[in-house]
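The values are calculated or read from the model by the stated rules, or taken from the named source; none is laboratory data. Quantities reported herein were computed from a predicted structural model and do not represent experimental measurements. For neighbour counting, all protein chains shown are included, and Cβ atoms are generated from backbone atoms with ideal geometry for every residue, glycine included. To get the accessible areas, we keep the full protein, side chains included, count just its heavy atoms, and leave off ligands, DNA and RNA. Shrake-Rupley method; radii C 1.70, N 1.55, O 1.52, S 1.80 Å.
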Amino acid sequence: MQNNWLSRSACGWISSMLALILALFLATPAAAQPTSAALLPPQVAARQVTPPHVVPGTTYNPAIPTPTDALGFTLGEHPVRHHDLLAYLGTLDRLSDRISVEEIGRSHERRPILLLKITSPANHARLEQLRTEHLGRLEAGVEAPADAPVFVWANFGVHGAEASAQDAALATVYHFAAATGSEMDAMLDRAVILVVAVLNPDGHALRVSRVDRFSGEAGVSDPSHFQHSGWGEARVNHYGFDLNRDWLLLSQPEARAWVGAWQRWVPQLSLDHHEMGSNSSFYFHPGEPRRVNALITRRQTELADRIAGYHSRALDPDGVLYYAEEGFDNFYIGKGSTYPQVNGGVGILYEAGTAAGGAVEGRNGLRTYAENIRLQFRANLAAVTGAVEIRRDLTASQTAYFRQARASARASGPAAYVVAAPDDPARMQRFLGLLAIHGVTAHALTETIEAGGRRFEAGRAYLVPTDQRQAAMVRGIFETPKSFEESVFYDVSAWTMPLAYDLDWAALEPGAFRPRLLGERARGGFDRQPAPARVLAEGPYGYVVRWSDRAAPRVAGELLRAGLMVRTASAPFEAATPSGPVAFGRGALFVPTAGQQMDAAAVHALMGRLAREGGAMIAPVVSGRTPSPATDLGGNKSWTTVTRPEILLLFTGDAPRMEAGEAWWLLDHEMGLPVTLRRASELSRTELSRYTHVLILGAASSGWTRAETEALTRWTRGGGVLIASGAAAQWAQRAFAAEAGEAAAAGASPSARPAARPALAPASDGNEARTPDQPTARSAEPPRDRRDFDRMEIGETEHIVAGALFQSDLDPSHPLAFGHTDRDLAIMKVGTAVLEWPRDDAYAVVARYRDAPLLAGYASRTSIARVAGAPAVTATQRGTGTLVLFADNPTFRGTFPGTERLLLNAIFMNRHIRAPRAPDLSDEID
Ligand SMILES: [Zn+2]
């Protein structure tokens, strides 16, 4: 079925078709033979004679080209390039009346992400009707008729490095397009198969290029060969995000594309293909039985177990080594195999021991890329077969899931959650956009109410009722779980989204809820919402930009790049606007009309464009005088100018990823700031004087020589702003302490408290629990702790914080906190490292973990005690420069606008930061 997704690039389509036709002519029998067969054990070699896309005994429609026909090689011999994948899927779309293709989004690097809909021609003729009837039944909670098809979803390639997880898409789609016979006809009549190929095209492209780059004429199965190494950079997307953590968070366009599509279909079964280390065999869900999210029902796990039966029956005859109930779990709801389960379906994770090159030696013998493709495809086929056979049970389970979640929301717990971000509507819109993609209904609040000790204003706050089809997702998004049966977590143990977004929020108990509070349905969105019609009145004296708005740092960057002089306030003030006085908070920018490099008309035109682009409130100003003393717009006491930032971000590996990638995404993609990316190992060859800010995040500082360390501390003392987080923050503390000759501090454990706190530090909270690495007076005695061997795993993980939300006390008057109005700031904490108390500066702790800091997630009492009361974010003067330290990652997965704001303030508000000193009146002497 030819769709219109290709029409965007007709030329590319034609050239791809020419390449395909050429490939059909050039494909020789020799090219179709696996090249590495000689390396394989006999039973594997025998299987490899059959290409991985073929199921023996199946007849295929000769009018449909095989992957081998299209590619000119057999699947598994070489990786399939993205444009070849698109061309082949386009061919199937054109030639098969079982397939239609839709482009659902594009990656950061502009590569299409395709959704293939595969079903019988009869179902295709009424596909939209089948979809809307299915969704209508779920909404109404009614059972499906016996002849309703089952919807099966398959994710190929969320981790770009995981080769077979992507190339198996071609084998799978070919089989469904070309296999003939009554069995296949019946299957396609009873199932709608939805395939995403590929979920992470940018990671996929990087992997293909590297596997090809390091492949030789002779296959090398030595696992030390570079071709077989992990390719962490190809696992992630362009900005280094792990997209298989983004199903809930939706910070990236790829995830928004496929989760949006998933929610348009709400399939009963979802299949998620991955790879793991070469020493492991093959894995499929149901998963580790002790680590199941409380929102997943026993019935769902039973159904996953029944699907697992189809997998083992398909793999046993070939003697395939596999496992199904260890290692991988169903806890964090932002993963591709767990998300479907808190949305009423069954999710299956597949993991094949990787062989990125042709073949690699592992603990279980030789693994081959072609064999992995076959395993992924055959497991997928077994699951679809199972889904068709147990479709009545899958469908009934899904209907029951939504009905029960709704009933239990009505029976207990809050009636609704109320949320607001009064000083940053754009952040609120992002949150509403997140809810909308997840199918969660939110409404504008119609009356001003008080809840949880806060006031929520009509029209500026929103209500999320719990009695809705997505009741389970509402719980998943808003709950703050703190007690767990297990201490082992594959990923984070908390993800409460209103905390991540730093919203004002409260639960509304049934007694406080009235249906008339629900106004218009809110939709929101992740993109800035431009206001093209908005006309900014002329500001004869200048313009003020509200700093609390999400896009304000973006505006600051644009103004500075345009060469404008920009001032920023350290105190709240009231500006005189044409429509009267308007209050602004700390950090607000003032752009004077006079004294600029451009004339007043050009300044006005630029400000008008920035106002129309949206995301930040901009007001014209008619006078420099303000009602309160010391805030007049031309004054010194509360005002300073903003320096145009020149940012250097140091990263490890071949590309920025995780914390470094997330910071790059925030500064570049979200704020439009140019960021110089450079390998940390090239520090000694870097001219630091060019930069105003250097960012070292996570592990970037490891392996530096003394000379390199000194270059950075010298640069900081000379006026630079050094920003370090996580392990790099611990490194920076030691580096500066060593430089200052504070030898004792330099050797101190990162988590240890100083012997005595500075006199001005907050009083002890009584949480001075002994940590394991602090010796006691009786430490000379041998340890007498004894535990049973099989309790070792619990002992090993008991004090690990895999990811939990901790409450901090933020100083909203500190320049690093400008834009924040209250003292509560939730921080995502992985591990228990904290910062040392700054010496000689009582004003330098921007945020400190509260005395009872755990908001949500798993942390042992010992771990909580290590963190409680300690500094989380500090900003200290070093010479004429500034050292900004974050104990944790401030841009965790691109989903923490509250802590991201602190990082952005370190870029723009640094000139407000100073150490205590005698007042300097030199400018005031006349
Ligand atoms: Zn994976």
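Do we find a residue being outside any loop (DSSP other than H, G, I, E, B), over 31 Å from the mean Cα position of the chain (by Cα) and touching a residue at least 24 places away in the same chain (Cβ under 8 Å) anywhere in the stretch 651-661? Quick ask: steps written out before the conclusion?
Initially, the stretch 651-661 is screened for residues outside any loop (DSSP other than H, G, I, E, B), giving 651, 659-661.
Those left that are additionally over 31 Å from the mean Cα position of the chain (by Cα): none.
No: the stretch 651-661 contains no residue that is outside any loop (DSSP other than H, G, I, E, B), over 31 Å from the mean Cα position of the chain (by Cα) and touching a residue at least 24 places away in the same chain (Cβ under 8 Å).
Are any residues in the stretch 402-413 open to solvent by less than 30 Å² (accessible area, probe 1.4 Å) and either touching a Phe, Trp or Tyr at 6+ places or on another chain (Cβ under 8 Å) or farther than 20 Å from A506 by Cβ (or both), and if so, which ones?
Scanning the stretch 402-413 gives F402, A405.
Quick one: in the stretch 176-201, which of the residues that are open to solvent by 10 Å² or more (accessible area, probe 1.4 Å) and either over 23 Å from T68 (Cβ atoms) or touching a helix residue (DSSP H, G or I) at 6+ places or on another chain (Cβ under 9 Å) (or both) is farthest from the ligand (Cβ to nearest atom)?
Per the stated criteria, the residue is S182.
Listed residues A844, A817; which is of a type outside the set (S, T, N, Q), open to solvent by less than 40 Å² (accessible area, probe 1.4 Å) and farther than 24 Å from D504 by Cα?
Result: A844 is the single residue among A844, A817 that is of a type outside the set (S, T, N, Q), open to solvent by less than 40 Å² (accessible area, probe 1.4 Å) and farther than 24 Å from D504 by Cα.
Looking only at the stretch 83-136, count how many residues are open to solvent by less than 40 Å² (accessible area, probe 1.4 Å), farther than 25 Å from Q166 by Cβ and in a loop (DSSP other than H, G, I, E, B).
Here the count works out to 1.
Test of understanding: among D246, D272, which residue is within 26 Å of F377 (Cβ to Cβ) and in a strand (DSSP E or B)? Quick ask: steps written out before the conclusion?
Values: D246 fails: in a strand (DSSP E or B).
Answer to the selection: D272.
Sort out which residues of the stretch 633-649 are assigned to a strand (DSSP E or B) and either basic (K, R) or over 35 Å from the mean Cα position of the chain (by Cα) (or both), and write them in order of number.
Within the stretch 633-649, W639, T640 qualify.
Would you please name the residue that is farthest from R235 (Cα to Cα), looking only at residues in the stretch 275-294 that are within 13 Å of the ligand (Cβ to nearest atom) and outside any strand (DSSP E or B)?
Taking the stretch 275-294 as the starting set, the residues that turn out to be within 13 Å of the ligand (Cβ to nearest atom) are 275-277, 280, 283.
If we keep only those that are outside any strand (DSSP E or B) as well, we get 277, 280.
Working: G277: 13, S280: 18 Å.
Once the filter is applied, the top-ranked residue is S280.
Are any of the residues in the stretch 851-864 closer than 28 Å to M909 by Cα and aliphatic (A, V, I, L, M)? Steps first, please.
Looking only at the stretch 851-864, we keep the residues that are closer than 28 Å to M909 by Cα, and these are 853.
Cutting the leftovers down to aliphatic (A, V, I, L, M) gives us none.
No, the stretch 851-864 has no match at all.
Can you find a residue in the stretch 121-136 that is within 16 Å of the ligand (Cβ to nearest atom) and of a type in the set (D, E)?
no
If D822 satisfies all but one of (1) closer than 30 Å to V488 by Cα; (2) part of a loop (DSSP other than H, G, I, E, B); (3) of a type in the set (D, E), what's the number of the condition it fails?
Only one criterion in (1) closer than 30 Å to V488 by Cα; (2) part of a loop (DSSP other than H, G, I, E, B); (3) of a type in the set (D, E) is unmet by D822, namely (1).
Any idea which of A745, A759, A740, A780 is loosely packed, with under 10 Cβ neighbours inside 10 Å, at pLDDT below 80 and within 29 Å of Q877 (Cβ to Cβ)?
A759
Would you say N237 is out of contact with any Asp or Glu (no Cβ under 6 Å at 6 or more places or on another chain) and within 14 Å of the ligand (Cβ to nearest atom)? Quick ask: steps written out before the conclusion?
Details: out of contact with any Asp or Glu (no Cβ under 6 Å at 6 or more places or on another chain): no; within 14 Å of the ligand (Cβ to nearest atom): yes.
It is false that N237 is out of contact with any Asp or Glu (no Cβ under 6 Å at 6 or more places or on another chain) and within 14 Å of the ligand (Cβ to nearest atom).
Just to check your reading of the model, which residue among T301, T338, T297 is under 20 Å from A396 (Cα atoms) and within 16 Å of the ligand (Cβ to nearest atom)?
T338
Somewhere in the stretch 693-705, is a residue out of contact with any helix residue (DSSP H, G or I) (no Cβ under 8 Å at 6 or more places or on another chain) and buried (at least 20 other Cβ atoms within 10 Å of the Cβ)?
no
Residues are listed down the side, and each one gets a yes or a no for (1) more than 24 Å from R264 (Cβ to Cβ); (2) within 24 Å of the chain's Cα centre (by Cα):
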{"position": "I373", "(1), (2)": "yes, no"}
{"position": "A379", "(1), (2)": "yes, no"}
{"position": "V384", "(1), (2)": "no, no"}
{"position": "D393", "(1), (2)": "no, no"}
{"position": "Y401", "(1), (2)": "no, no"}
{"position": "G433", "(1), (2)": "no, yes"}
{"position": "T446", "(1), (2)": "yes, no"}
{"position": "G453", "(1), (2)": "yes, no"}
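Here are some conditions: (1) crowded, with 22+ Cβ neighbours inside 10 Å; (2) under 25 Å from the mean Cα position of the chain (by Cα). Y490 meets all but one. Which one does it not meet?
All conditions pass for Y490, except number (1).
What number of residues within the stretch 585-624 satisfy the criterion of being open to solvent by 30 Å² or more (accessible area, probe 1.4 Å) and closer than 25 Å to P812 by Cα?
The qualifying residues number 3.
Would you say E139 is open to solvent by 20 Å² or more (accessible area, probe 1.4 Å), away from the ligand (no atom under 16 Å from the Cβ) and without any contact (Cβ under 8 Å) to a residue 12 or more places away in the chain? Walk me through it before giving the result.
On the way: open to solvent by 20 Å² or more (accessible area, probe 1.4 Å): yes; away from the ligand (no atom under 16 Å from the Cβ): yes; without any contact (Cβ under 8 Å) to a residue 12 or more places away in the chain: no.
Answer is no for this residue.
In the stretch 861-875, what residues are of a type in the set (S, T, N, Q) and open to solvent by 10 Å² or more (accessible area, probe 1.4 Å)?
T862
Tally the residues that are of a type in the set (V, I, T) and open to solvent by less than 10 Å² (accessible area, probe 1.4 Å), restricting the search to the stretch 370-389. Step through it out loud before you land on a result.
Of the stretch 370-389, the ones of a type in the set (V, I, T) are 373, 384-385, 388.
Still in the list and also open to solvent by less than 10 Å² (accessible area, probe 1.4 Å): 373, 384.
Going through the stretch 370-389 one residue at a time, the tally reaches 2.
In this structure, does R245 turn out to be open to solvent by 50 Å² or more (accessible area, probe 1.4 Å), touching a Lys or Arg at 6+ places or on another chain (Cβ under 9 Å) and within 15 Å of the ligand (Cβ to nearest atom)?
Answer is no for this residue.
Can you find a residue that is open to solvent by less than 50 Å² (accessible area, probe 1.4 Å), in a helix (DSSP H, G or I) and out of contact with any Phe, Trp or Tyr (no Cβ under 6 Å at 6 or more places or on another chain) anywhere in the stretch 519-535?
No; the residues of the stretch 519-535 include none that is open to solvent by less than 50 Å² (accessible area, probe 1.4 Å), in a helix (DSSP H, G or I) and out of contact with any Phe, Trp or Tyr (no Cβ under 6 Å at 6 or more places or on another chain).
Scan the stretch 493-518 residue by residue and report those that are assigned to a loop (DSSP other than H, G, I, E, B), in contact (Cβ under 8 Å) with a residue 40 or more places away in the chain and over 20 Å from the mean Cα position of the chain (by Cα).
If the condition is that a residue be assigned to a loop (DSSP other than H, G, I, E, B), in contact (Cβ under 8 Å) with a residue 40 or more places away in the chain and over 20 Å from the mean Cα position of the chain (by Cα), then E509, F513 are the ones that fit.
Against the conditions (1) more than 16 Å from the ligand (Cβ to nearest atom); (2) farther than 30 Å from H438 by Cα; (3) in contact (Cβ under 8 Å) with a residue 12 or more places away in the chain, where does Y369 fall short? Just the number, please.
Of (1) more than 16 Å from the ligand (Cβ to nearest atom); (2) farther than 30 Å from H438 by Cα; (3) in contact (Cβ under 8 Å) with a residue 12 or more places away in the chain, only one is false for Y369: (1).
Quick one: in the stretch 557-572, of everything that is open to solvent by less than 10 Å² (accessible area, probe 1.4 Å) and part of a strand (DSSP E or B), which residue is nearest to T643 (Cα to Cα)?
So the residue we want is T568.
Does the stretch 98-120 contain at least one residue that is more than 37 Å from the chain's Cα centre (by Cα) and of a type outside the set (S, T, N, Q)?
The answer is no; no qualifying residue exists.
With respect to the numbered conditions (1) among the small types (G, A, S); (2) surrounded by fewer than 18 Cβ atoms within 10 Å (Cβ to Cβ); (3) out of contact with any strand residue (DSSP E or B) (no Cβ under 9 Å at 6 or more places or on another chain), which one is the sole condition not fulfilled by A314?
Evaluating A314 over (1) among the small types (G, A, S); (2) surrounded by fewer than 18 Cβ atoms within 10 Å (Cβ to Cβ); (3) out of contact with any strand residue (DSSP E or B) (no Cβ under 9 Å at 6 or more places or on another chain) leaves (2) as the failure.
For the list (1) away from the ligand (no atom under 16 Å from the Cβ); (2) surrounded by fewer than 22 Cβ atoms within 10 Å (Cβ to Cβ), I need the number of the one condition that V346 fails.
(2)
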